[in-house]
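Take a look at the structure set out below.
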Amino acid sequence: MTLKCLLGSILIFLVLSASLFAADQVRLQTNHGDIIIKLYSDDAPLTVANFLSYVRQGRYDHTVIHRIVKGFVIQGGGYKIENNTMRHIQTLGNVKSEADNGLYNVKGTIAMARLGSDPHSATSEFFINLVTNTELNYKGEGSLGASYTVFGKVAAGWDVVEKIASLPVVSKGGAFTHWADPPVIILKAEEVNEKKGHDK
């Protein structure tokens, strides 16, 4: 085997190994404690890849949970506070909806937020379902515009989710009508383990 072929084989092995042992969990370190998210990369590969891109590039670090609706969801991943002003983070482009993947918006799942009725408008924002929200589920052909892609679930730290959900909220106007004051901050988002299988 030539040196060129050997190097090529090593490169292919490294790429395949990186894919095989990709993290399937993410830790959201908040100022109220840690939340561990198990990702469903088999069922929502595009959405998980998009989410992990933000994690790996540090784009979720120091963002806020800007929407807390009791009995519904907590939502974040889109804004930072800079100079006492809310600023939208730089996004990486839209991700195609995978809401028809057979996963449902049940209590404890994480899904992508998006704009209006455009099913393919999700970018960085995500929400955690505090209860089972059947109205957010895919309901067959033609319903993508009213559906939200589930791509994981809370594997640990549900007590932290509940603590955040119980915080008093105020309206800051505009999009910030369910805002915790003082704010809930995602201090850091990071991958935490090797892929070990799929457990729904």
For the structure I just gave you, tell me whether Glu141 is among the acidic types (Asp, Glu), farther than 21 Å from Lys70 by Cα, part of a loop (DSSP other than H, G, I, E, B) and under 14 Å from the mean Cα position of the chain (by Cα). no
Select from the stretch 156-170 the residues that are outside any loop (DSSP other than H, G, I, E, B) and among the aliphatic types (A, V, I, L, M) and list them in ascending order. Ala156, Val160, Val161, Ile164, Ala165, Val169, Val170
So which of Gly157, Gly174, Gly142 ends up being touching a strand residue (DSSP E or B) at 6+ places or on another chain (Cβ under 6 Å), on the phi > 0 side of the Ramachandran plot and not polar (S, T, N, Q)? Gly157
Verdict on Ile185 being closer than 16 Å to Ile68 by Cβ, at pLDDT 95 or above and within 16 Å of the chain's Cα centre (by Cα): yes
Could you say which residue among Gly102, Gly71, Gly93, Gly116 is touching a residue at least 60 places away in the same chain (Cβ under 8 Å), of a type outside the set (Val, Ile, Thr), assigned to a loop (DSSP other than H, G, I, E, B) and surrounded by fewer than 14 Cβ atoms within 10 Å (Cβ to Cβ)? Gly71
Would you be able to tell me the number of residues in the stretch 1-55 that are under 25 Å from Ile164 (Cα atoms), surrounded by fewer than 21 Cβ atoms within 10 Å (Cβ to Cβ) and modelled with pLDDT under 95? 0
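The values are calculated or read from the model by the stated rules, or taken from the named source; none is laboratory data. Just so we're clear, the structure is a prediction, and the values are computed from it rather than from any experiment. We place every Cβ from the backbone using ideal geometry, glycine too, and count neighbours over all the protein chains shown.
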